[in-house]
There are 2 protein chains.
Amino acid sequence: MTLEGKSLIGQRTVGGNTADIYAIDPSNGQKLEPPYQGGGQAEVDLACGKAWAAFDAYRETSLEERAVFLETIATEIEAIGDELVERAMAESGLPRPRIEGERGRTCGQLRLFASVVRAGEWLDVRIDPALPERQPMPRVDLRQRHVATGPVAVFGPSNFPLAFSVAGGDSASALAAGCPVVVKAHSAHPGTSELVGKAVQKAVKHCGLPEGVFSLLYGSGRDLGQALVADLRIKAVGFTGSRQGGTALMKTAQGRPEPIPVYAEMSSINPVFLFPEALNNRADEIAKTFVGSLTMGAGQFCTNPGLVLAVKSPALDTFLDTASAAVKESAAQTMLTPGTHQSYEEGVNRFSNHAKVREVARGQQGSGPHDCQAALFQTTASEFLADEALQQEEVFGACSLVVECSSNDELKHVAEKLEGQLTATLHIDEGDLTSAHALLPTLERKAGRILANGWPTGVEVCHAMVHGGPYPATSDSRTTSVGSAAIHRFLRPVCYQNLPEGLLPNALHGGNPLDISRLVDGVREA
Amino acid sequence: MTLEGKSLIGQRTVGGNTADIYAIDPSNGQKLEPPYQGGGQAEVDLACGKAWAAFDAYRETSLEERAVFLETIATEIEAIGDELVERAMAESGLPRPRIEGERGRTCGQLRLFASVVRAGEWLDVRIDPALPERQPMPRVDLRQRHVATGPVAVFGPSNFPLAFSVAGGDSASALAAGCPVVVKAHSAHPGTSELVGKAVQKAVKHCGLPEGVFSLLYGSGRDLGQALVADLRIKAVGFTGSRQGGTALMKTAQGRPEPIPVYAEMSSINPVFLFPEALNNRADEIAKTFVGSLTMGAGQFCTNPGLVLAVKSPALDTFLDTASAAVKESAAQTMLTPGTHQSYEEGVNRFSNHAKVREVARGQQGSGPHDCQAALFQTTASEFLADEALQQEEVFGACSLVVECSSNDELKHVAEKLEGQLTATLHIDEGDLTSAHALLPTLERKAGRILANGWPTGVEVCHAMVHGGPYPATSDSRTTSVGSAAIHRFLRPVCYQNLPEGLLPNALHGGNPLDISRLVDGVREA
């Protein structure tokens, strides 16, 4: 497929007024053709107009129609073939198995949402039948379902060019909910975005849906992105990226005449707690698997384990020795973009130059211009507590800080001081259960996911997943951006009182024609 | 019971630094004893400290313990007896049957939430069991439940001194979710608040709960209220009141280092659509029941029908004639506070003095200083569309505006121009179904509840109710403040990955010991 370097608005291909967005191959710093034409207010207006025009029809498509649409997107993405894998590799520096795996995850995610749409749980149907004989007042017939909130603006990150980009988790869940989607393409992978965008365009056409269900815009985040969030036809925002980027969108969304929800997944250092018996029993194994998680994908995951907490002990020294050796052996890996690499270097330097932080180990130096050299640092809990910057510092990449605590109480105190997190990890054996149990209430208040004897990287796309957490991990702790529950972000309840069946949506008809789980008079009918 | 005029913080009674809050009997303008001592930052700090200290224990009370607590509050409120009814009548000007009915609703609401807590649907339990044999990667065990968000600040309105005040819908749903509650007493009914607050205090003690589960503070909204929302231990806000008050709290909540959700129910004019055949068949009956809804409780309901839309026709003239006569006959009723009465008069005068608005009728003049004289006005759709103030004007009280449209298309156009609403009402007969159906998508986008052939006043407390809607009806259209779904406002999901059963909350144990509905591998088990 010849890449055109233009925005996709509905079924159209639309040029912009600039031509200065190039993907960079981070392995060699070279520009990749073609240049992408950045749009502005005019393109936002066109895309949002089409999205708005499509909204009422799209949100009332049948469960089956919408599920087939999601499945068709997956099929069309697979049909692109190796061109997609190669372009994504060139634009991201990520290796082939990772991109192939991510393509599988992206398509699997779309198919999961298709099954979620069909099951209809998301409608949250509640029926309280009329009680005409009730005293002192009769009850009228009341029925509730959830409806789509409206067109959604999606901003993906650089680190998942497929699974959290154009047809990734935010788009899939919004489309599943019945919301048209306007994606702002990430400038780090414009070609991958165009390929996937055209696959979605084809699916829209193939399924006979209104064209405005999907658009893909190129442009600067500050201008086009802000204009998109400010457009009154946009009713929610999905974002994965930096704290600075997320809070800027939150501000715009809250300043609108009609404020709208922003689901921003932003910042997390993902504390790992190593308990004494686990450390005693298997410090080496924990250290090796830790470094595996730390350096996976050059550490470029939201769930990268950036903070390790443990009580001072000989076993902790063993952990540090083994981790140090593993980090030193770790190969350099190309980072996603020159900017990501520069930020990583700056973050590592802040630790290196910090008077109270000791460098434990650095990984292998790379030969490429944007290679990640892993880094492990160490400090004490009292130093960590004394410097707020240390508590908040997310260094995006394979960098982690081990905090040595003088006691279990101090460890718990450090945990209480942490900001909101996506994950919290426990390494525990039988004898650690009591102290781990005492820490759980703190972790439940701090994190969206708590895991034992594993590592936070590797986020399963399923029904029970929570990829979310208190601020600043996300802007809205009431939700998840990964897994089937993500659909609820783009829905709101509507109650229908005493409506004749002819006006009721079929989800609420008496005979349960959609065969979905309902709450009838407060009792669950599966 | 002797009223003490002080804040209730945990089990303590705490004076403040001012003594200038008096209830006013709106029927005669007289101050009611005792004066209430207003608190400030110190009282906020004390209450939030106790709430925070209580949080972890309270949120892990068993379903049964928490349900019994809610039921005990109801029993204690009933045990106050007639003193509560008389004080609420004196402070609100509302008649005895209304206050008695509201007490019943308040206690019924608490008992409904007790049943909701026991049923455990709110936990939203999801279990994705481990799949160790899955290819290419095994799946770990993942389980999700919802947990309470944290202490909640509650601000009630003047118009429901019981059902939306100290132990009203916001408090009941927050306590049901496992959140301690700090209520800022409404200065219009401080004595009613104290009586109910002491009933909750007793229930906390009786149930052996940590005292910080409940506090009640007196003070000014601007100072104490803002300090409460700014306190970092408060994690969500429930508010019912004016748009100005709600948006001020939203701003404070968003400006915190950790922004928190504000559930503000604010402003709605509740459009009513009269369709031609319904009007032809029963203009008189619709007009009479309309005026009944309009003047009920002196029109002091969030769901008061403040806007009536219909296409010009002789039947609409009949409606107007009959409504005019009914308004003229309508008796004056004491309004809630001097301020409410003054705002009502100002709002009515804005309509009266508007060059393009015709006065259809005024109700009977009252003899009390704060009586509501009902008012009905009329204008055309073109005038309505030409003046944004007319589209947004909520006059709190028995005042409504009839907008005459030249065609069905114009009526739909007007509907599209409306802001977000709590309700939208259709009066329809068989022949109106097609045009009503065409209007539904607009109404679904605009309102939280759509009702047919009834009136929006009278909000049933049940499972399917939605008392919510797009901004500015509320600050968050994804929820409801009335009905059992209100509990979800104060919950967030937490995922537990690979945790040994000894660390898992019992809601997530394998054998389903709580016997609750669960989603297992995406399949609903009732």
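Read the figures in this text as sums done on the coordinates, not as results from a lab. Note that the structure is predicted; figures quoted are calculated from it, not measured. Ideal geometry is used to build each Cβ from the backbone, glycine not excepted, and the neighbour counts take in all protein chains shown.
The figures follow:
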read-out	value
Hull volume in cubic angstrom per residue (convex hull over the Cα atoms of segment A:271-452)	99 Å³
For segment A:232-237, Karplus couplings with θ = phi - 60° (6.51, -1.76, 1.60), whole Hz, Gly/Pro x	5, 7, 7, 10, 6, 10
Links that overshoot a 21 Å alpha carbon limit, given the list A:Lys288/A:Lys328; B:Lys50/B:Lys205; A:Lys251/A:Lys417; B:Lys356/B:Lys446; B:Lys50/B:Lys184; A:Lys6/A:Lys198	A:Lys251/A:Lys417; B:Lys356/B:Lys446
Residue order, fewest to most beta carbons within 10 Å, for B:Lys6, A:Lys31	A:Lys31, B:Lys6
Sequence-distant residues sharing a close amide H with B:Phe164 (under 5 Å, placed H)	B:Gly169
For segment A:127-141, Karplus couplings with θ = phi - 60° (6.51, -1.76, 1.60), whole Hz, Gly/Pro x	10, 10, x, 4, 10, x, 8, 4, 10, x, 10, x, 9, 7, 6
Relative contact order computed over chain A (Cα-Cα under 8 Å; 6+ residues apart), in percent	18 percent
15 Å reach of a label modelled at A:Glu64, 7 Å along Cα-to-Cβ, counting backbone N of segment A:133-149	none
Distances in nm from A:Asp409 to the matching label points in the other copies, shortest first (labels 7 Å along Cα to Cβ)	7.8
Test item: B:500-512 mean partner chain Cβ contacts at 10 Å	2
Rounded Å value of the spacing that divides the Cα centres of segment A:142-214 and segment B:169-210	45 Å
Peptide A:443-449, shielding by other chains (average Cβ, 10 Å cutoff)	5
Long-range HN-HN contacts of B:Gln333 with modeled amide H, under 5 Å	B:Cys372
Rounded Å value of the spacing that divides the Cα centres of segment B:363-442 and segment A:219-259	33 Å
Relative contact order of segment A:271-452, defined on C-alpha pairs under 8 angstrom at six or more residues apart (%)	29 percent
Dipole magnitude (debye, nearest 20) for the protein assembly as shown, charges at Cβ of Lys, Arg, Asp, Glu	340 debye
Within segment A:212-371: Cβ-based charge dipole about Cα centre, in debye rounded to nearest 20 (Lys, Arg +1; Asp, Glu -1)	460 debye
Square roots of 5 times each gyration tensor eigenvalue, C-alpha, segment B:475-526, largest first, Å	27, 14, 11
Using a Förster distance of 45 Å, the FRET efficiency for A:Lys417-A:Thr75 (Cβ separation, nearest 0.05)	0.40
Neighbour-count order for A:Ile99, B:Ile77, A:Ile73, fewest beta carbons within 10 angstrom listed first	A:Ile99, B:Ile77, A:Ile73
Across the identical copies, how the A:Arg350 labels are spaced - nm, sorted shortest first, 7 Å along Cα→Cβ	4.8
Of the trypsin sites (Lys or Arg not before Pro) in segment A:120-192, those whose Cβ has at most 14 other Cβ within 10 Å and which sit in DSSP loop	A:Arg134
Compactness of segment B:38-90, expressed as Rg and Dmax over alpha-carbon positions, Å	15.8, 40
Kyte-Doolittle mean at least -1.0 and Cα axial length at least 30 Å: DSSP H helices in chain A	A:96-119
Vicinal HN-Hα couplings computed from phi for segment A:461-469 (Karplus, 6.51 cos²θ - 1.76 cosθ + 1.60; Hz; Gly/Pro x)	8, 8, 7, 8, 5, 10, 10, x, x
5 angstrom amide H check on A:Leu131, placed H, neighbours 5+ away	A:Arg139, A:Val140
Pairwise label distance in nanometres, B:Gln365 with A:Asn281, each label 7 Å out on the Cα-Cβ vector	8.7 nm
Diffusion coefficient, µm² s⁻¹, Stokes-Einstein with Kirkwood Rh over alpha-carbon pairs of segment B:203-347 at 10 °C and 1.306 mPa s	84 µm²/s
Quotient of Cα Rg and 2.2 N^0.38 Å for segment B:284-373, N being how many residues it contains	1.10
Cα gyration tensor shape for chain A, rounded if a/c is under 1.5, else prolate or oblate	oblate
Zone residues, segment B:176-196, relative to B:Lys205, backbone N less than 16 Å from point 7 Å out along Cα-to-Cβ	B:194-196
Least to most buried among A:Met137, B:Met89 (fewest other Cβ within 10 Å first)	A:Met137, B:Met89
Three-way shape label, the protein assembly as shown, alpha-carbon gyration tensor, a/c 1.5	oblate
About the Cα centre, charge dipole magnitude for chain A (Lys/Arg +1, Asp/Glu -1 at Cβ), debye	1040 debye
Average Cα contact separation per residue, segment A:335-422, under 8 Å, 6 or more apart, as relative contact order %	27 percent
By average C-beta atoms within 10 angstrom, highest first, the peptides B:163-170, A:306-313, A:9-16, A:90-97	B:163-170, A:306-313, A:90-97, A:9-16
Closest Cβ on chain A to the rotation axis that carries it onto B (distance rounded to whole Å)	A:Ala526, 2
For residues of A:250-260, the mean tally of beta carbons on other chains within 10 Å	3
Bridge type composition, chain A - antiparallel percent by DSSP, nearest 5	40 percent
Pseudo-label separations to other copies for A:Asn506 - Cα-to-Cβ vector, 7 Å, nm	4.4
Of all DSSP beta bridges in the protein assembly as shown, antiparallel share, percent nearest 5	40 percent
